[in-house]
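Worksheet for the structure shown next.
The values are calculated or read from the model by the stated rules, or taken from the named source; none is laboratory data. All of these numbers come straight from a predicted model, not from anything done at the bench. A quick note on method: Cβ atoms are made from the backbone with ideal geometry, for glycine too, and the neighbour counts reach across all protein chains shown.
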Amino acid sequence: MGILSKKDAALILDPLADNNPITIQVLGICSALAITAELEASIVMAVSVLFVMGMGNVVISLMRNIIPSKIRIIVQLVVVATLVIVVDQVLKAFAYELSKTLSVFVGLIITNCIIMGRFEAFALANGPKRSFLDGIGNAAGYGFILVVIGFFRELLGSGTLLGIKVLGDPIEKTGLYAFGYENNGFMLLSPMALIVVGIIIWVQRSRNPALIEEN
Amino acid sequence: MLEHIELFFKSIFIDNMVFATFLGMCSYLAVSKKVTTAVGLGAAVIFVLAVTVPLNWLLDQYLLRDGALAWLGPEYADYNLSFLSFILFIATIATMVQLVEIVVEKFSPSLYNSLGIFLPLIAVNCAILGGSLFMQSRDIQTLGLAFNYGLSSGIGWFLAILAIAAIREKIRYSNVPAPLRGLGITFIITGLMAIGFMSFGGMLTGGDEAAPQEEVVAVAPTQEVSGLTADATQQDLTQKENGTVQEETPATNNLINE
């Protein structure tokens with residue numbers, strides 16, 4: 001990381017692990033979990049959030065001195081909504097099937113708490129470059145969890161990754177299925193997303209006891 | 001009348017905002033430590049959803065959807081402004097929340113004291129915007145149904161946060177493994193509750209009959225070609241036979257399930 005100072009690098013790296021938006025800050029769970037049944041949808045969602053957060057943080061950071069603090073929420077909402085409309089229109093134009101799968105959840109990026117949270121906590125008080133790095137870092141931390149969940153749900157649920165049959169063909173009984181392996185269709189149902197996140201939190205906190213909550 | 005009742009129960013139990021679509025998860029996790037605060041936030045969500053969903057329905061119907069501007073004159077009938085729906089919906093929600101806050105503060109200080117602090121939080125609650133977006137994508141027909149949808153989705157959210165808050169108050173006395181304490185166990189409990197709520201899915205099966213029937217029609221020809229009876233669904237047979245039979249197995253299983 002030659003171009004980035006140590007402090008700037010930390011902005012990107014921290015949210016990936018010990019300050020992860022989903023598992024530690026508990027932000028942005030809303031619009032994410034329902035679309036993680038397939039890896040592809042998770043990746044697209046992660047990239048969309050990355051774009052919206054990076055751009056949004058820069059815009060808000062540039063305007064931070066002229067936004068009256070009383071109406072800042074609505075200014076933030078307008079900025080995010082505009083960026084999300086761009087993402088939504090691009091998806092509808094170039095990946096129509098996928099935009100059907102994501103349905104309302106693209107729109108729900110607007111109320112994704114990570115975005116508002118980072119605007120409030122970071123972009124309103126820092127310059128554009130640091131804000132951009134912070135946005136990218138947090139979106140990457142969010143996307144990382146999304147991809148992990150999508151990976152396990154698609155692999156265990158339908159035996160595929162990105163639509164490719166990695167475990168063999170369940171109907172022709174090749175690969176793993178020849179030994180009597182069955183897909184766990186339960187993984188495709190929405191409740192399992194919550195349980196997978198619970199397990200990720202469990203693993204993460206067992207590895208780093210400093211994160212364990214009181215109570 | 002019947003469709004109102006159906007929509008009401010469907011939105012509360014089957015399409016529950018928290019358990020089926022994960023909407024409003026952030027506040028659901030953050031404000032569910034005590035039952036009293038959970039009730040306050042839940043009531044505010046019911047209220048705001050019941051107000052904003054019908055309002056956004058009107059916007060969608062007379063401003064946004066394809067051909068919605070026809071009431072202005074025939075030359076406007078070609079406009080489709082639906083790409084603006086995100087920004088208009090969120091603006092409506094933010095202003096309504098602000099308005100409700102001012103009105104409630106003026107006329108009912110006691111209600112304001114119990115609800116007031118939650119109202120600003122709600123503007124960015126995904127459940128509220130989600131309610132409006134689902135209203136749009138599920139193509140709700142009348143203003144009455146839109147109001148019903150907002151109200152019942154709110155009630156569903158209220159029930160969910162009330163239930164998790166009650167469980168979290170109790171679980172404080174349990175010996176949860178250390179890394180799972182707090183957030184982790186809440187996720188897993190919510191997952192289990194969502195599995196429980198899935199059992200409501202069988203409550204209304206009216207709309208689901210069409211799909212399996214189509215499959216039956218599609219299966220019939222392959223059966224004739226391979227000349228097999230219903231006994232042919234046995235697993236061993238499908239393994240040694242050729243492609244046509246293998247294709248048939250899942251379909252005929254569907255037949256038997258019916």
(message) Return the residues of region A:82-133 that are of a type in the set (Phe, Trp, Tyr) and within 11 Å of chain B (Cβ to nearest Cβ); say none if nothing qualifies.
(response) A:PHE105, A:PHE119
(request) Answer yes or no as to whether B:PHE89 is surrounded by fewer than 18 Cβ atoms within 10 Å (Cβ to Cβ), assigned to a helix (DSSP H, G or I), facing chain A (nearest Cβ under 9 Å) and among the aromatic types (Phe, Trp, Tyr). (result) no
(request) Assess whether B:ALA50 counts as being within 18 Å of the chain's Cα centre (by Cα), not β-branched (Val, Ile, Thr) and not in a loop (DSSP other than H, G, I, E, B). (result) yes
(message) For region B:44-59, check the following and say yes or no: at least one residue is touching a Cys at 6+ places or on another chain (Cβ under 7 Å) and in contact (Cβ under 8 Å) with a residue 40 or more places away in the chain.
(response) no
(message) Please go through (1) within 12 Å of chain B (Cβ to nearest Cβ); (2) at positive phi for A:GLY168 and return the number of the only condition it doesn't satisfy.
(response) (1)
(message) Which residue is farthest from the other protein chains (Cβ to nearest Cβ), if the candidates are limited to region B:1-28 and must be among the hydrophobic types (A, V, I, L, M, F, W, C), under 26 Å from B:GLN98 (Cα atoms) and out of contact with any Ser or Thr (no Cβ under 6 Å at 6 or more places or on another chain)?
(response) B:VAL18
(message) Please list, ordered by residue number, the helices (runs of 4 or more DSSP H) wholly in region A:1-101 having 3 or more residues that are modelled with pLDDT of 85 or more.
(response) A:39-62, A:72-94
(message) modelled with pLDDT of 85 or more and surrounded by fewer than 24 Cβ atoms within 10 Å (Cβ to Cβ): which single residue out of B:ALA30, B:ALA50 fits that description?
(response) B:ALA50
(message) So for region A:135-155 (the condition being over 18 Å from the mean Cα position of the chain (by Cα) and not hydroxyl-bearing (Ser, Thr, Tyr)), does at least one residue qualify?
(response) yes
(message) So in region B:112-126, with the set limited to residues that are in a helix (DSSP H, G or I) and at the interface with chain A (Cβ under 8 Å from one of its Cβ atoms), which one is modelled with the highest pLDDT?
(response) B:CYS126
(request) Any chance you could count how many residues in region A:160-180 are of a type in the set (A, V, I, L, M, F, W, C), exposed (fewer than 12 other Cβ atoms within 10 Å of the Cβ) and either in contact (Cβ under 8 Å) with a residue 12 or more places away in the chain or assigned to a helix (DSSP H, G or I) (or both)? (result) 2
(request) Mind telling me which of the residues B:VAL39, B:VAL18 ends up being surrounded by fewer than 20 Cβ atoms within 10 Å (Cβ to Cβ) and in a helix (DSSP H, G or I)? (result) B:VAL39
(message) Checking B:ILE195 against (1) farther than 17 Å from B:LEU29 by Cβ; (2) within 8 Å of another protein chain (Cβ to nearest Cβ); (3) touching a residue at least 24 places away in the same chain (Cβ under 8 Å), only one condition comes out false. Which one?
(response) (3)
(request) Please give the number of the condition A:ILE109 fails out of (1) in a helix (DSSP H, G or I); (2) crowded, with 20+ Cβ neighbours inside 10 Å. (result) (1)
